[in-house]
Each structure stands twice: as structure tokens, then as C-alpha cells.
1. Out of (1) more than 15 Å from H24 (Cα to Cα); (2) of a type in the set (D, E, K, R); (3) in a strand (DSSP E or B), the odd one out for D125 is which?
2. Kindly indicate the residue of the range 97-114 that is outside any loop (DSSP other than H, G, I, E, B) and open to solvent by 60 Å² or more (accessible area, probe 1.4 Å) and also nearest to ligand 2 (Cβ to nearest atom) among those meeting that condition.
3. Of these, Y203, Y198, which one is surrounded by 15 or more Cβ atoms within 10 Å (Cβ to Cβ), within 14 Å of ligand 2 (Cβ to nearest atom) and aromatic (F, W, Y)?
4. May I ask you to list the residues in the range 130-169 that are buried (at least 18 other Cβ atoms within 10 Å of the Cβ), under 23 Å from the mean Cα position of the chain (by Cα) and at positive phi?
5. Taking the residues in the range 50-62 that are in a loop (DSSP other than H, G, I, E, B) and farther than 18 Å from A325 by Cα as candidates, determine which candidate is modelled with the lowest pLDDT.
6. Looking at (1) touching a Phe, Trp or Tyr at 6+ places or on another chain (Cβ under 9 Å); (2) assigned by TED's automatic domain parsing to the domain that holds A159, which one does E246 not meet, given that it meets all the others?
7. Can you tell me how many residues within the range 245-264 are among the polar types (S, T, N, Q), open to solvent by 70 Å² or more (accessible area, probe 1.4 Å) and in a strand (DSSP E or B)?
8. Look at I40 and say whether it is assigned to a strand (DSSP E or B) and modelled with pLDDT of 95 or more.
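The values are calculated or read from the model by the stated rules, or taken from the named source; none is laboratory data. Remember, predicted model here, so these are calculated numbers, not experimental data. Positions of Cβ are backbone-derived with ideal geometry, glycine not excepted, and every protein chain shown enters the neighbour counts. Quick note on the areas: whole protein, heavy atoms, side chains included, nothing else; ligands and nucleic acids left out. Shrake-Rupley method; radii C 1.70, N 1.55, O 1.52, S 1.80 Å.
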Amino acid sequence: MKRDPSPSKQDSASKLFKMSQEHHKVVIIGSGPAGHTAAIYLARANMNPVLYEGFMAAGVAAGGQLTTTTEVENFPGFPNAISGPELMELLKQQSTRFGTTVITETISRVDFSQRPFRLWREGADTEDQQAILADAVVIATGATAKRLNIAGEDVFWQAGISACAVCDGAAPIFRNKPIVVVGGGDSASEEATFLTRYASKVYVLVRRDKLRASKVMADRMLAHPKIEVLWNKIPIEAKGDRLMKELVIEDTVTKERTTLTANGLFYAIGHQPNTAIFQGQLETDEVGYLVTKVRDGAASTYTSVEGVFACGDVQDKTYRQAITAAGSGCMAALDAERWLEAQEFAAGH
Ligand code: FAD
Ligand code: NDP
């Protein structure tokens, strides 16, 4: 008859297990410009970062939102523009060149209530023992622009339909052409006003009879001679050939449908930060964006849990640009590095 292992054997077995368990100094979750910039800085600081890039996390390929766009014309250093996927491939090459380990898996569960922090991969998140341990975590999971999934949206996505006026508004296909913006908040007001630089006319579809936008933004939009607000209207179907040419809209009160000549459709109906797995563990605002702290009178990437840092769109509802995401990725790396050094110093004294 087999005997149960003695307690001492059990202990050494569990010690062995613990030793084989992944334990990293710093884990980065997310693979957009914020995550990779954090990785470049942490790798160059010999922190051996491990970056979980996601496997179709938040419905987007590894590399994040820029993998869904064509030309990026406003990222410094590329005077002749660069394609979004190519830019993200270069960022990935740069972070791996300095020693970042990139893992193509999605993190689907975290526990920030104890140190070291615990993270689990999708598909291996039911077993507590399969946790990845991390002394510090940088969250760079981004945000997802809300879409309406109207008829024709997949056909004309990036061929007339977009969710980012600042990114795509200057494209030749919109020059001196009528364009439609959907939404009634500050984003819609801002994007509609911005698009008047290029478009011959900007229609704004508002699903109710009032705007949600702040007064100053709303007034600016309503006073603009190129902007016409269409109240109680929603888009139904985008039509065209290779590019979008028309938009069928519906009156939300009468249900009457009409067709607008329009070469562009910009969604400005809000973003959803990718923070579902952090709910209840980190402080978020009412929409779900991670809250980062002001420290010593300046912005920082510290979250409500010390040792967990956030950068990029997941904590930014104002700027939402690749360069600002990259900038805050650098901040998160510096914050994490200094925090880890302070921990080590305190432990050694
Ligand atoms: P994201 O780019 O959102 O990347 C985060 C990524 O992390 C996710 O997509 C996913 O791959 C991964 N991830 C998420 N959750 C997990 C998880 N749980 N585990 C592992 N991985 C995870 N900005 C510009 O400056 N110029 C432009 O021209 C421009 N064009 C754009 C065009 C489009 C169509 C869109 C949608 C956006 C555009 N932007 C542009 C905005 C820009 O893409 C974003 O501001 C920027 O990508 C934000 O970077 P990020 O690193 O915060 O996150
Ligand atoms: P908001 O959530 O404020 O507004 C979203 C708008 O889209 C609302 O008018 C909403 O209508 C409409 N909408 C939502 N879903 C649909 C749908 N399915 N069909 C049609 N319309 C829809 O998002 P924003 O992105 O505008 O703003 C987010 C935050 O960022 C706000 O706090 C805002 O103040 C801030 N911001 C500030 C700026 C600035 O100050 N410069 C610029 C941009 C944003 P309804 O009102 O009926 O719900």
C-alpha cells in the first residue's frame, strides 16, 4: 500500500512547485503604443519585463487599435506616414530587441489584494496555483471605440466609416465632401467642429432632441455655419461602391427613413475602456476608466493599488492618441522602476 507523502515531502513538493511558478519583477498587460513603450523603458532598465500582448483581447489583434487603421500621419518621426500595423510591428521589435518577453496570451483574471500580485491567463484562470506572480504590474489594455454595427459598416470601415476624426479626418476621401458624425456628447461636438476643416458640410445625428455635450462645446458646434444637427436621427445603412457614398438614416420618433449623400461616417458615441477584469480591485471612474493619482502636484500612473500602474487609453478619456499613450507608457515604466527600487531598498534595510 502506498503511503501518503510525509509533510516534509509535501513541503518540498510545494516549494518546488512555487519555484517553477512564473514570478516576474514586472508584467505588462496590453500591447498598444502604451504597453510597448513601457516595455522598451523597462527592458532598457534591466527589469526583464514580460508583456502579455493578448490573443484577440477586447476584440482587437495584438498591437491594439492601430492595427485596425491604415495610415498614421501624426506619430512623430514618420514624415511620410506609416501604416498602423507596421508601426505596431516596429514597436514590438524595439521592445523585444531590448529583452522584453512577449507572450501572445490574454490575461483574464487578476488578484491585486496581495503581494506578489497574481495574474492568470485565459484558459488557465480557474486554478489558483496557475497564477503568474508579479512584483509590479503595468496595465495598458486600452479602450475600444463603440460602434453601431449598422448594415455596410464592415464593408466601409476605414473606407468612409471611422471612430476617430483626429486620426482619419484629413484623409483625401473626405476633402470637400459631406460627412456625418453620430453622437450628441462632447466628442461629437469636438469631432464635428474638427471635421469642418476638411468637409464641405458636417451633419450631426443626435438620437434624441437634446445634446449631452457641455454648453460651451455645444454652442460652438451649433453656431458653426458648416454644421447641421439632425435631431432624433440614427444611422441605418451605409452604401457606396469601393468607398462610402450614402447613408440611410431613420427618424427615431416617426421611423421615417431618408438617404443622405455622405462620404464619411464618424462614430462619436463613446469609448469603453478595457477594464472589466480590474473591476472591484482598482478605482475606476463612472465610465470604467482607471483612475491614476496626482502625486506631488503632478500627473502619475499610480493606480489605487501601489505597485499597479496604468497608462494609455485605459486611463485617458481626453487625448486618446498613439503618442499620448506612448508618453504615458514611458511614465508608467519610470514610476514602476522607481517604485520597485524603493521596495528593494526598503527590504534591504
Ligand atoms: P490600445 O491600442 O487600445 O492597445 C491595447 C491592446 O492591449 C488591446 O487592443 C489588446 O491587443 C491588448 N489587451 C487588451 N486587454 C488585454 C488583456 N486582458 N490581456 C492581454 N492583452 C490585452 N491615434 C493616433 O495618434 N493617430 C492615428 O492616426 C490614430 N488612428 C486611429 C484609428 C483608429 C481606427 C482607432 C480606433 C484609433 C486610432 N488612434 C490613432 C488612437 C490610438 O490607436 C490609440 O490612442 C492608441 O492605440 C492607444 O494605445 P494603448 O496602448 O493605450 O491601447
Ligand atoms: P458621452 O457618453 O458623453 O456621449 C455619447 C453620445 O453618444 C451621447 O449623446 C449619446 O446619446 C450618444 N449615443 C450613445 N450610444 C448611441 C447609439 N447607440 N446611437 C446613437 N447615439 C448614441 O461620450 P463622449 O465620448 O462624447 O464623452 C465622454 C467623456 O469625455 C465625457 O465626460 C466628455 O465630457 C469628455 N470629453 C471631453 C472633451 C473636452 O472637454 N474637450 C472632448 C471629448 C470628450 P444620449 O445622450 O442619448 O445618451
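1. Of the numbered conditions (1) more than 15 Å from H24 (Cα to Cα); (2) of a type in the set (D, E, K, R); (3) in a strand (DSSP E or B), the odd one out for D125 is (3).
2. Step one: list which residues in the range 97-114 are outside any loop (DSSP other than H, G, I, E, B), which gives 97, 101-103, 107-111.
Pick out the ones that are also open to solvent by 60 Å² or more (accessible area, probe 1.4 Å) and you get 97, 101, 109.
Values: R97: 36, T101: 35, R109: 28 Å.
It comes out as R109.
3. Numbers: Y198 fails: within 14 Å of ligand 2 (Cβ to nearest atom).
Residue meeting the stated conditions: Y203.
4. G142, G160, listed by residue number.
5. Initial filter on the range 50-62 (in a loop (DSSP other than H, G, I, E, B)): 53-56, 60-62.
Retained after the next criterion (residues that are farther than 18 Å from A325 by Cα): 55-56.
Details: F55: 94, M56: 90.
Only one residue fits best here, namely M56.
6. Answer for E246: the failing condition is (1).
7. Start the filter on the range 245-264 by keeping residues that are among the polar types (S, T, N, Q), which leaves 252, 254, 258-259, 261, 263.
Now drop any that are not open to solvent by 70 Å² or more (accessible area, probe 1.4 Å), which leaves 254, 259, 261.
Then drop every residue that is not in a strand (DSSP E or B), which leaves 259, 261.
Counting residues in the range 245-264 that are among the polar types (S, T, N, Q), open to solvent by 70 Å² or more (accessible area, probe 1.4 Å) and in a strand (DSSP E or B) gives 2.
8. Working: assigned to a strand (DSSP E or B): no; modelled with pLDDT of 95 or more: yes.
When the stated conditions are applied, I40 does not pass them.
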